[in-house]
Amino acid sequence: MKKALYLSMACMAMVHAADMTMETIDVEATVLEDVSGDEVKSADLAEALVQEIPNISLVRRSGIANDIILRGQKKDNINVLVDGGKIYGGCPNRMDPPTSHIMTNNISSIKIIEGPYDVENFGTLSGGVYVTTKKPTQDISGEISFNRGSWNYQKAAATISGGTERFRLLLSASTESSDQYEDGDGNNFAQQIDNYILLHPTLAGTAYQDRYRNLEAYDKKSFMGKVYVDITDSQELELSYTANRSDDVLYPSSKMDALYDDSDLFNVTYTLSNLGDYSKELSVLGYYSYVEHPMSTRYRKMAVSEMSAMTGAVTSYLESSITGVKVKNVLDLSDSAELRVGVDASTRNWDGLYHSQTGRGPEGKPNIQDVDTENIGFFAEVEKYYDALTLTAGLRYDDTQITTSGDEPSNDYTLFGANVFATYDVSDTLQLFGGVGQSSRVPDPKELYFKSSMGGLIGTPNLNETINREIDFGMENSYENITLRTKIFYSMLSDYIYYNASKMLNRYENVDATLYGFDISGSVYGTDTFYVDFGVAYQRGKKEDPLSTQHGTDMAEIPPLKANIAFHYEYADDSVVTLKAFGATAWENIDAENGEQPLDSYMVVNVKADHNFGNGFSLAVGVDNIFDRTYAVTNTYSDLTLITDGTTKEVMLINEPGRYLYANATYRF
């Protein structure tokens, strides 16, 4: 009851401030700057995004490596790129989503595009998260930071950069670890599982073995190296490499934990400028990423119980990689018009096997059997400027082939995308913007070919591609001390790919659906030293018809009304105290037939102080979840394999962290 009251008060405050919004950088997108400087509590990108962007929600899987929902969409329905290159996690159970393979301490900025307004990148169905990492500087510079927090959280990170006019180098490394966090009731991961087993005794095998009950939640190390070479005044070469090494990552609401999760990302970009009338800038991007992800029941009691004594622990070993290249040319059609044209191609591979410790049981049975997704796409986008009007129009064509080494059939897809987006300056204080577009994405290998450890084909090999036809409209008001941005959207999804928990095999199917919503965000600058940011977002999704053998039409993973508000007081130069509250109403519009369950409303309050001592030294201290609330933000859609008794469909929820104290010391030079 108190949680609902706190949330209602916050929402009322936002409604009364309806003529307020924060100043934006890009009217088509939301941009977060100085991510590495602001997000010092954790290296988890998902946690950083969910507290800053009202229409992004968290999918909690562990103490780190969490997933996101953007406008009611996740997985391959949104694109995640790092410096223009793609990466796909290896786990079909989303233990290592793309956002988990880049650390916040390496990030310069993040651009979030909502809707089908990206023709440059394959598969941007309903939005994208585009990460830009730090760039090398010519002058010698760098930073060293140390972080300690509750539950024995420890992090150390260092970056150094420098070079000459023609050659610049950046090196960055970090290490991070934590014990299992405790929820507001004081229960760690092992105890949350125990509490669930008390209600479902048949699931005793999912508990951690006594010798593993106090394992660390994760141990993570990363390295990033970047080289920039100015070959001539008009030629630039960029090379980058990022390595992530995670060990023993615990996933309490799943039946397996990750023994390790390793990834390698390679990017190379060659840019030529001012080539003549037909090329203002020509760029060639090449990228490759590789992920190795074995997940296992090794730490659970089921690995040593009488029932599984003949097979021992089961390990699902998966590898994922993607190789891609993009060529883009930018030219001026006139003084007020620019054309961007290009081609990109990629090959994504996903391969997995089930193994057992003893060699008996499902040894070597396929999980996702060596699947290749090969794509080539062509795109063109023109941007035209008038006195008060900016008009952007884009086209994209894709040809995609998906093949498997298994017995299932291959698939060919031909995709077309197009959009028009306009912004109009009504006055100095009011800008209108809106667009209409169509985009598509092909089924991923899990949805087509995934098999259970018993050999049953969970995927559906004849799925159609999903098509999103969307309309967006918004306005931005800017005054002397107040800014306000309002956006609404309506999305018509054809052949949306959905998981049907009522079926034994071929559980994925196509269904038409609609998704709509709004978000309001803004800023109020009270004085030179005090300002307020706020945001509120809401989405609603409905299937046009129920899935086969089912009756409900509510779409899964559509979060309820979510709001955030932050009060900032700058008491000295570059020294700020921030009081932040965020929360959501009760999650009541659920897809119970496919595993979802009602969630209570919540409101969480955090406080953080950043103090600049001068001479490069700074200290950030904070308390998250000041009132030690026990709450959950992640629902239990059956597309994820979570702990359940299989009869009542009461899937285990994982609670969010309780009160968390931290301190981060940084030296910059």
Matching option when the condition is closer than 30 Å to ALA632 by Cα, surrounded by fewer than 18 Cβ atoms within 10 Å (Cβ to Cβ) and touching a residue at least 12 places away in the same chain (Cβ under 8 Å), among ASP257, ASP247, ASP277
ASP247
Return the total of residues in the range 260-272 being surrounded by fewer than 23 Cβ atoms within 10 Å (Cβ to Cβ) and either closer than 22 Å to THR133 by Cα or in contact with a helix residue (DSSP H, G or I) (Cβ under 7 Å, 6 or more places away or on another chain) (or both).
9
Sort through ALA156, ALA217 and tell me the only one that's in a strand (DSSP E or B) and without any contact (Cβ under 8 Å) to a residue 60 or more places away in the chain.
ALA156
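In the range 461-503, how many residues are outside any loop (DSSP other than H, G, I, E, B), more than 30 Å from LEU430 (Cβ to Cβ) and of a type outside the set (Gly, Ala, Ser)?
So the answer is 8.
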Could you pull out the residue among ASN506, ASN510 that is modelled with pLDDT of 95 or more and not in a strand (DSSP E or B)?
ASN506
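Working only within the range 138-152, note down all residues that are over 14 Å from ALA665 (Cβ atoms) and either aromatic (Phe, Trp, Tyr) or touching a Ser or Thr at 6+ places or on another chain (Cβ under 6 Å) (or both).
SER141, GLY142, TRP151
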Acidic (Asp, Glu), farther than 30 Å from GLN401 by Cα and in contact with a Lys or Arg (Cβ under 8 Å, 6 or more places away or on another chain), is that true of GLU143?
yes
The condition from (1) assigned to a loop (DSSP other than H, G, I, E, B); (2) modelled with pLDDT of 80 or more that SER42 misses is numbered (2)
I need the strands (runs of 3 or more DSSP E) fully contained in the range 350-460, keeping only those with at least 2 residues that are buried (at least 16 other Cβ atoms within 10 Å of the Cβ) and acidic (Asp, Glu).
371-385
So for the range 284-292 (the condition being in a strand (DSSP E or B) and either within 30 Å of LEU653 (Cα to Cα) or in contact with a helix residue (DSSP H, G or I) (Cβ under 7 Å, 6 or more places away or on another chain) (or both)), does at least one residue qualify?
yes
If I filter the range 113-160 down to residues being surrounded by fewer than 19 Cβ atoms within 10 Å (Cβ to Cβ) and hydroxyl-bearing (Ser, Thr, Tyr), which single residue comes out as farthest from the chain's Cα centre (by Cα)?
SER141
Output the number of residues of the range 60-96 satisfying the condition of being more than 11 Å from the chain's Cα centre (by Cα), over 18 Å from TYR290 (Cα atoms) and among the β-branched types (Val, Ile, Thr).
1
Pair list, Cβ < 6 Å and 6+ apart or interchain, from the range 73-88 residues that are in contact (Cβ under 8 Å) with a residue 12 or more places away in the chain to residues that are charged (D, E, K, R) and in a strand (DSSP E or B)
ASP76/ARG441
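Here are some residues: THR549, THR527. Which one is assigned to a loop (DSSP other than H, G, I, E, B), under 27 Å from PRO409 (Cα atoms), out of contact with any Asp or Glu (no Cβ under 6 Å at 6 or more places or on another chain) and not charged (D, E, K, R)?
THR549
The values are calculated or read from the model by the stated rules, or taken from the named source; none is laboratory data. All of these numbers come straight from a predicted model, not from anything done at the bench. No Cβ is skipped: glycine too gets one built from the backbone with ideal geometry, and neighbour counts run over all protein chains shown.
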